[in-house]
């Protein structure tokens with residue numbers, strides 16, 4: 001139960017922040033009226049609507065400072081008809097100065113000259129859409145959640161055209177109202193609206209409605225308002241069918257468990273059909289259905305060296321789980337998510353000791369707005385059974401998540417979540433079902449604070465796990481409050497996880513602990529001399545992560561002091577010095593190799609000191625990169641860690657990059673030492689705006705795996721693609737008893753997939 005004094009603090013902070021300055025709604029408004037003639041999407045703004053409607057101009061900088069107007073003129077107008085919202089923009093820039101990463105869509109932030117349009121139909125300062133176009137008419141679209149978090153994996157139908165001239169480029173966008181989610185009022189209709197222009201040469205980012213330097217330009221808090229002189233049309237029937245067909249060939253090299261000699265080459269031809277459907281229940285509420293989904297076109301995860309005792313977190317990239325994902329995936333803290341969508345369709349095979357795909361039979365997701373202040377989410381997915389061997393079986397399961405979120409005060413929310421994982425154990429033998437429970441459930445309440453001026457951010461939650469097994473019934477609770485202004489930032493968080501708290505459908509790598517997350521920092525800005533011409537800001541501060549057992553015993557401590565500087569060309573440098581303490585409750589090999597000729601470190605406490613240096617270049621130049629070097633004591637020995645990336649942009653063909661990680665671990669005998677290498681060359685090529693190719697290689701000595709993932713994508717129609725994907729896994733280290741000792745093969749696969757988006 002929330003203490004009445006704590007509740008009073010919540011109300012006081014929200015009331016105080018509601019009076020704070022920082023919202024641009026009244027000062028920056030743009031009226032939109034209906035076009036009286038058809039808009040031809042050709043990059044020529046010659047229709048009457050572009051001449052008579054209001055324009056957004058006089059963009060102000062966010063980077064490298066927020067005290068001046070952009071010297072590169074940008075003018076944007078908006079209009080609409082019964083089917084589309086239209087945006088027309090004029091971006092003054094010399095053609096010779098264009099900078100683009102490639103012709104491939106969905107480019108990353110800060111990599112390409114771009115005009116962005118942000119829309120927040122809900123006017124909650126938290127959720128919205130972003131549509132982006134480059135001077136080469138390369139598109140990008142994404143979702144905005146929690147105020148400024150972008151999800152660029154979202155994909156949908158919209159259209160654009162660009163006309164390039166010697167001193168400017170002109171863009172026209174047509175965004176179908178069916179692509180958006182919004183409610184219509186007969187009295188007053190206003191949306192949040194922001195235009196963001198990024199120009200990489202002499203790097204600068206400018207916005208229509210001013211955003212303070214310390215915040216992201218995509219922050220909806222500072223958006224202006226789009227005022228509809230006449231209401232936007234109510235979307236009619238909005239149904240999209242997205243069928244797919246797939247075929248492929250796999251080759252598995254089955255090996256003897258001890259000698260690793262090949263015992264069988266198992267070939268298989270595969271084929272399947274399935275698809276998705278998107279049905280607009282209302283203009284703000286959407287139903288997504290999927291039948292026999294396949295995610296083979298999704299790129300493999302970027303591997304990282306794991307020197308910890310716990311499971312690593314990898315982000316979700318599958319399209320079905322992304323829209324409104326904050327309604328499902330963002331409950332709890334990063335280490336206590338009650339629902340983690342990667343638990344669906346992916347599982348650890350204890351026989352092969354690797355993650356494998358699990359068939360998803362069907363699923364449904366209902367998500368969106370009931371009103372401007374009330375959002376709901378309901379997800380249900382059914383997976384099939386997998387038999388790892390005669391005694392180890394993964395039962396078929398149903399994953400169900402139900403959430404409701406009510407906006408309160410100005411931008412804050414109160415939410416409830418219920419997660420249920422139901423497993424079908426009836427067909428399993430007694431031995432097969434010994435490690436499984438028929439169901440696991442988590443129920444919880446959360447309060448998220450987002451102040452009007454964006455200075456205060458907080459989260460408080462209580463979650464409870466339920467299970468037939470009393471040993472899996474427990475709770476987790478946490479609280480966090482952070483403050484940030486132009487110069488000063490501070491935060492404090494507390495998290496407690498019972499040893500019996502169990503979230504089978506979530507991500508909880510470490511139960512039975514309580515943690516503190518303090519931090520304080522200060523930023524200042526040079527005003528004179530050389531520094532003022534080249535440096536945007538200096539940063540310094542102290543941060544920590546302190547973990548204790550439920551009995552109060554310290555188990556982990558990580559405290560560091562840092563100082564850094566950011567430059568006007570986006571270059572960033574940082575130096576930190578810190579202390580790390582770890583208490584091992586059981587023997588542990590920090591290399592995670594557990595080789596026969598070594599012994600794991602014994603139980604006990606280990607206190608270590610170290611330094612870290614980090615450098616990251618900007619994206620203005622063709623050559624780019626970042627590197628981080630850590631050195632210090634490590635358990636009983638020492639460690640040197642070097643990791644980073646080097647990249648070359650070959651405009652407009654694509655990007656060639658090399659990811660690297662090296663860990664030199666030295667422990668006194670008989671404890672483990674190792675040289676762990678992870679090297680990942682990558683090529684991202686675009687032959688045309690509709691034809692892309694990517695190839696990704698990962699050489700990982702810790703996992704003893706050499707992986708190749710290559711993908712050819714042809715976008716033959718809007719939101720419709722053909723994919724040709726090749727994957728190859730082999731051993732990174734030479735092995736005996738095989739004709740091919742170097743890169744001895746594990747498995748290979750080639751897949752052809754066709755996806756078509758059909759609007760009814």
According to a simple spin-label model (label point 7 Å from Cα along Cα-to-Cβ), what is the distance in nm between residue 230 and residue 392? 6.6 nm
Regarding segment 20-118, what whole-number volume in Å³ per residue does the convex hull of its Cα atoms give? 166 Å³
Solution diffusion estimate, µm²/s, Stokes-Einstein, segment 606-746, Kirkwood Rh from C-alpha pairs, 4 °C, viscosity 1.567 mPa s: 72 µm²/s
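Give me 300, 207 sorted ascending by neighbouring Cβ count inside 10 Å, so fewest comes first.
300, 207
For the residues 477, 381, 561, what sequence is obtained by ranking on other C-beta atoms within 10 Å, fewest first?
561, 477, 381
Any idea what the relative contact order of the chain is, in percent, if you count C-alpha pairs under 8 Å spaced at least 6 apart?
Details: 2030 pairs, mean separation 79.3, N = 760.
Computed value for the chain: 10 percent relative contact order.
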For residue 750 and residue 352, compute 0.36 nm times the residue count separating them, minus their Cα-Cα distance, and round to one decimal in nm. 141.2 nm
Sorted largest first, the Cα spans of segment 587-671 on the principal axes come out in Å as 54, 28, 15
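Is segment 298-389 best put as rounded, prolate or oblate by its Cα gyration tensor, with a ≥ b ≥ c the root eigenvalues, rounded for a/c under 1.5, and otherwise prolate when a/b is larger than b/c, oblate when not?
In terms of gyration-tensor shape, oblate.
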Contour minus Cα-Cα span, residue 623 to residue 593, at 0.36 nm per residue, comes to 7.2 nm
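Taking every eigenvalue of the Cα gyration tensor of segment 311-509, multiplying by 5 and rooting it, what semi-axes result, largest first, whole Å?
Details: eigenvalues 226, 67, 48 Å².
With the √(5λ) rule applied to segment 311-509, the semi-axes are 34, 18, 16 Å.
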Tilt, helix 4-18 to longest principal axis of the chain (alpha-carbon atoms), in degrees rounded to tens, equals 40 degrees
Jot down the radius of gyration and Dmax of segment 445-536, Cα atoms only, both in angstrom. 19.6, 69
What span do the alpha-carbon atoms of segment 487-640 cover on each of the three principal axes, reported in whole Å from largest to smallest? 56, 39, 32
Cβ-Cβ FRET estimate between residue 550 and residue 299, R0 fixed at 45 Å, reported to 0.05: 0.65
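Can you show me the helix-derived [θ] at 222 nm for the chain, built from DSSP H runs with n ≥ 4 at -39,500 (n - 2.57) apiece and divided by the number of residues, rounded to the nearest 500.
Numbers: 4 runs with 30 residues, N = 760.
Result for the chain: -1000 deg cm²/dmol, rounded to the nearest 500.
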Once all Cα-Cα distances of segment 24-228 are split into 5 Å bins that start at 0, what whole-number percent is in each one? 1, 8, 17, 22, 23, 17, 10, 3, 0, 0
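Report the extension gain between residue 281 and residue 163 in nm, rounded to one decimal, defined as 0.36 nm multiplied by the number of residues separating them, less their alpha carbon distance. Intermediate values should be presented prior to the final figure.
On the way: separation 118, 0.36 × 118 = 42.48 nm, distance 3.76 nm.
Once the chain is fully extended between residue 281 and residue 163, it gains 38.7 nm.
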Estimated D of the chain in µm² per second, where Rh is the Kirkwood radius over Cα pairs and Stokes-Einstein applies at 20 °C, 1.002 mPa s: 76 µm²/s
Taking one equal scatterer on every alpha-carbon of segment 370-483, how large is log10 of I(q)/I(0) by Debye at q = 0.18, 0.21, 0.22, 0.24 1/Å? -0.95, -1.12, -1.18, -1.27
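Taking 25 Å as R0, compute the FRET efficiency from the Cβ-Cβ separation of residue 669 and residue 733 and round it to 0.05.
Working: r = 22 Å, r/R0 = 0.86.
Given R0 = 25 Å and the Cβ-Cβ separation, E is 0.70.
Bear in mind these aren't lab numbers, they're just calculated from the coordinates by the rules spelled out. This structure is a prediction, so every number in the text was calculated from the model and none was measured. No Cβ is skipped: glycine too gets one built from the backbone with ideal geometry, and neighbour counts run over all protein chains shown.
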